[in-house]
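**Q** Before I ask anything, here is the structure I am working with.
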Amino acid sequence: MRKKVRKEVRSPIFLQPILQERIWGGEKLKRFNYEFTSDFIGECWGISAHPHGQSIVRNGKYKGFTLERLWNENRKLFGNYKKRKFPILVKILDANKDLSVQVHPNDEFASLYENGELGKTEFWYVIDCKEGAEIVYGHHAQTKEQFIKMIEQGKWGELLHRIPIRPGDFFYVPSGTIHALCEGTLILEIQQNSDTTYRLYDYDRVDSNGEKRELHLEKAISVSNVPHKDFQLNIQQREENGVKITTFVRGKYFSVYKWSIELKGSLLQDKVFQLASVIEGEGRMYTIEGEFPLRKGDHIILPATLGKFIITGNITLIVSHP
């Protein structure tokens, strides 16, 4: 009896995102072709294998699989990547109001104190923001003693470092960095696959039950970098086969790029796997298996088995890989 040959997947894997309500959310995620009725949708988890929100495959032979199941049962699609957990989480965030001032632990701290969770290093790409928008990025304390004293005295205006932002800006946010998105900001976030956040300050807001949200001062102080450490990105740009490629970061946890295509671009998937999110425009992808429409708000996996492909249209994607 002839042995059955398993056909390799030579097409993009589209995912159904998860929409998350947040106290600071709004309605701007409707710009990405997502339908919802809540006035407080703050996050789209576009590519997620985290227990707090699992993306579902919406096309092809694995339709209906969670991303975690796809990862566990079909590792060849991911270049036989060795890590136990899916390494990256991709989000779009609508900060309709200020987010809490927060900090994330590194892998070692999270593993010890957060039941084996990964740490959380992030990259932000500013899709849109209101005029005069800003972010909190870092702080002005020079010693841990000064840092703690300013927190105890509530000197947030003196402590926190704010940066004005514009659409197209980008930021690398290593674990240990004090940060916050502020009102009127819409970003795409690439991060480690973690949902561990330590709130340092939340503007004394209350939730729908009239309760202030929990702060995590002891842990936040423990993991914060003091003094703040700036991280400079070495941006590289090139044009290749009709694709304008901007390299933002090549780091320990992920690499991030922007692909801009105005008419037609030819590409080769030569990484273990790539994750792509359409942030502007629309187009079509052509692979050996056929033609696939792309539109703003799509989140897709480009598997290790994909090979060469073509994208047409006027379209911008943010792409990452481990």
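**Q** Just to check your reading of the model, which residue among F123, F109, F147 is crowded, with 19+ Cβ neighbours inside 10 Å and either closer than 21 Å to L29 by Cβ or of a type in the set (K, R) (or both)?
**A** Criteria check complete, one pass: F123.
**Q** Taking only the range 39-68 into account, find how many residues are within 21 Å of Q20 (Cβ to Cβ), free of Cβ contacts under 8 Å to residues at least 40 places away in the same chain and among the charged types (D, E, K, R).
**A** 2
**Q** Restricted to the range 191-208, and to residues that are at pLDDT 95 or above and polar (S, T, N, Q), which residue is surrounded by the fewest Cβ atoms within 10 Å (Cβ to Cβ)?
**A** Going through the qualifying residues, I end up with T197.
**Q** Give the range 145-172 a look and list any residue that's in contact (Cβ under 8 Å) with a residue 60 or more places away in the chain and within 30 Å of W71 (Cβ to Cβ), or say none.
**A** F170, Y172
**Q** Another one. Being under 19 Å from the mean Cα position of the chain (by Cα) and of a type in the set (D, E, K, R) is the filter; apply it to the range 219-267 and report the residue that is modelled with the highest pLDDT.
**A** Once the filter is applied, the top-ranked residue is K258.
**Q** For the range 25-72, which residues satisfy the criterion of being more than 15 Å from the chain's Cα centre (by Cα) and among the hydrophobic types (A, V, I, L, M, F, W, C)?
**A** F32, F36, F40, I41, I56, V57, F65, L67, L70, W71
**Q** Okay, next question. Can you tell me how many residues within the range 28-52 are under 21 Å from K97 (Cβ atoms) and touching a Leu at 6+ places or on another chain (Cβ under 9 Å)?
**A** First, pick out the residues of the range 28-52 that are under 21 Å from K97 (Cβ atoms): 28-32, 34, 36-45.
Subsequent filtering for residues that are touching a Leu at 6+ places or on another chain (Cβ under 9 Å) retains 28-29, 31, 34, 36, 38, 41-45.
So the count comes out to 11.
**Q** Then there is this: Restricting to the range 203-234, give me the number of residues that are among the basic types (K, R), in the same structural domain as E108 (by TED's automatic domain parsing) and under 29 Å from E108 (Cα atoms). I'd like the intermediate steps shown before the answer.
**A** Keep residues of the range 203-234 that are among the basic types (K, R), which gives 205, 212-213, 219, 229.
So of that shortlist, the ones also in the same structural domain as E108 (by TED's automatic domain parsing) come out as 205, 212-213, 219.
Of the ones still in play, those that are also under 29 Å from E108 (Cα atoms) are 213, 219.
Here the count works out to 2.
**Q** Exactly one condition in (1) within 24 Å of the chain's Cα centre (by Cα); (2) modelled with pLDDT under 95 is not met by S277; state its number.
**A** (2)
**Q** Which of (1) outside any loop (DSSP other than H, G, I, E, B); (2) on the phi > 0 side of the Ramachandran plot does G176 not meet, given it meets every other one?
**A** Looking at each condition in turn, G176 falls short on (1).
**Q** If you take the residues of the range 209-226 that are polar (S, T, N, Q) and in contact (Cβ under 8 Å) with a residue 60 or more places away in the chain, which of them is surrounded by the most Cβ atoms within 10 Å (Cβ to Cβ)? Walk me through it before giving the result.
**A** Keep residues of the range 209-226 that are polar (S, T, N, Q), which gives 209, 222, 224-225.
Now restrict to residues that are in contact (Cβ under 8 Å) with a residue 60 or more places away in the chain: 222, 224.
Numbers: S222: 15, S224: 25.
Checked the range 209-226; the qualifying residue surrounded by the most Cβ atoms within 10 Å (Cβ to Cβ) is S224.
The values are calculated or read from the model by the stated rules, or taken from the named source; none is laboratory data. Every value quoted in this text rests on a predicted model; they were computed, and no experiment measured them. Every residue, glycine as well, gets a Cβ built from its backbone with ideal geometry; the counts of neighbours run over all protein chains shown.
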